[in-house]
Amino acid sequence: MIRTALKPRWLGLLALVVLVVLAFTRLGLWQLDVSKDQGAKKALAEAQAQPAAPLHEIVRPHAAFEGVMSNRRVEVTGAYDPSGQFLVPQRLLGGRTGYWVVTPLDEQGTRARVAVVRGFVTSPAAAPAAPRSTVTVTGTLAPGESPSDAAVPAGQLGSIDLAVLVNRWPQDLYNAFVLAGSERPDLAAGTALERIPPPQPESQLNVRNVAYALQWWVFAAFAVYLWWRMVREDHQSGIRPDPTDDNDDPAPEERPTDDHPAPAL
């Protein structure tokens with residue numbers, strides 16, 4: 001069958017099939033990317049559609065952060081501690097590289113502490129200190145970040161690593177940070193602070209687009225199957241016996257025997 005497959009016509013058709021398979025595979029991957037994007041947008045919209053709830057009603061200090069809490073809108077009232085403020089470098093906003101301004105806030109009532117990302121600045125000198133007056137922050141929840149080994153100047157941390165902060169701050173610490181969307185009163189007014197939009201959630205695949213991706217890949221597999229079937233049929237036609245070649249052999253010539261003597265001449 002390999003010899004049949006190496007015929008010029010089947011090799012030419014195979015080249016066409018390969019192009020079709022590559023195109024269909026690419027279309028399937030594109031649909032899968034679309035499904036991720038649409039799923040992320042849907043998850044973000046659902047999280048943002050929920051009304052802001054008091055922080056302590058969504059998560060307790062030191063409690064584990066659960067995935068459903070990501071981008072959940074929360075509200076927390078308390079006082080900032082300017083002495084605990086730090087910057088996180090190498091952050092992007094609108095194509096610019098800068099710093100996150102992170103300030104600890106001590107919640108009223110529980111007295112637990114939560115890290116609040118108050119905004120973005122393009123240089124350390126532009127980061128304003130927060131007053132100790134009472135403020136209400138409305139924003140979205142996010143889990144702590146992975147540790148960073150980057151060497152940074154004093155007053156900066158490579159990431160919002162809560163394992164580091166729990167050793168720096170003596171208060172009970174929320175196992176999450178808040179990405180501030182607004183403050184009452186607005187402490188960012190008249191400063192270089194820029195609010196940071198909520199990040200896209202990790203994943204919730206859109207089922208319809210996943211089905212489209214699978215459909216393209218099935219088409220690709222079917223193209224390969226059709227080529228293989230045509231080659232197989234060509235191969236089998238070359239070894240099929242001739243239908244005119246039957247087993248109706250002429251009867252062997254009869255020889256005279258004692259019971260049937262040869263006729264007299």
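The values are calculated or read from the model by the stated rules, or taken from the named source; none is laboratory data. This one's a predicted model, so the numbers in the text were calculated from it and none came from an experiment. Areas reflect the complete protein model, heavy atoms only, side chains present, ligands, DNA and RNA absent. Shrake-Rupley method; radii C 1.70, N 1.55, O 1.52, S 1.80 Å.
Under 5 Å from the amide H of Val59 lies no amide H of any residue 5 or more positions distant or on a separate chain, with H modelled from the backbone and absent for Pro and chain starts.
Each residue of segment 89-105 was assigned a 3J(HN,Hα) from its phi angle through the Karplus expression (A = 6.51, B = -1.76, C = 1.60, θ = phi - 60°), giving x, 6, 10, 10, 8, x, x, 9, 9, x, 9, 8, 9, 10, 10, x, 10 Hz with x at Gly and Pro. Scanning residues 5 or more positions from Phe177 or on other chains, those with amide H under 5 Å from its amide H are Ala142, Gly144, with H placed 1.01 Å from N in the peptide plane. Amide H to amide H distances under 5 Å link Ala112 with Glu107, where only residues 5 or more positions off or on other chains count and H is placed in the peptide plane. The stretch between Arg229 and Asp172, if pulled fully straight at 0.36 nm per residue, gains 13.6 nm over its current Cα-Cα span. Our estimate of slack between Thr136 and Ala151, defined as 0.36 nm per intervening residue step minus the Cα-Cα distance, is 2.0 nm. Accessible surface area normalised per residue over segment 107-226 is 53 Å², counting heavy atoms of protein chains with a 1.4 Å rolling probe. Seen through its C-alpha gyration tensor, with square-root eigenvalues sorted a ≥ b ≥ c, segment 65-211 comes out rounded because a/c lies under 1.5. Couplings for segment 184-190, taken from phi via the Karplus curve 6.51 cos²θ - 1.76 cosθ + 1.60 with θ = phi - 60°, read 10, x, 6, 7, 8, 4, x Hz in order; Gly and Pro are left as x.
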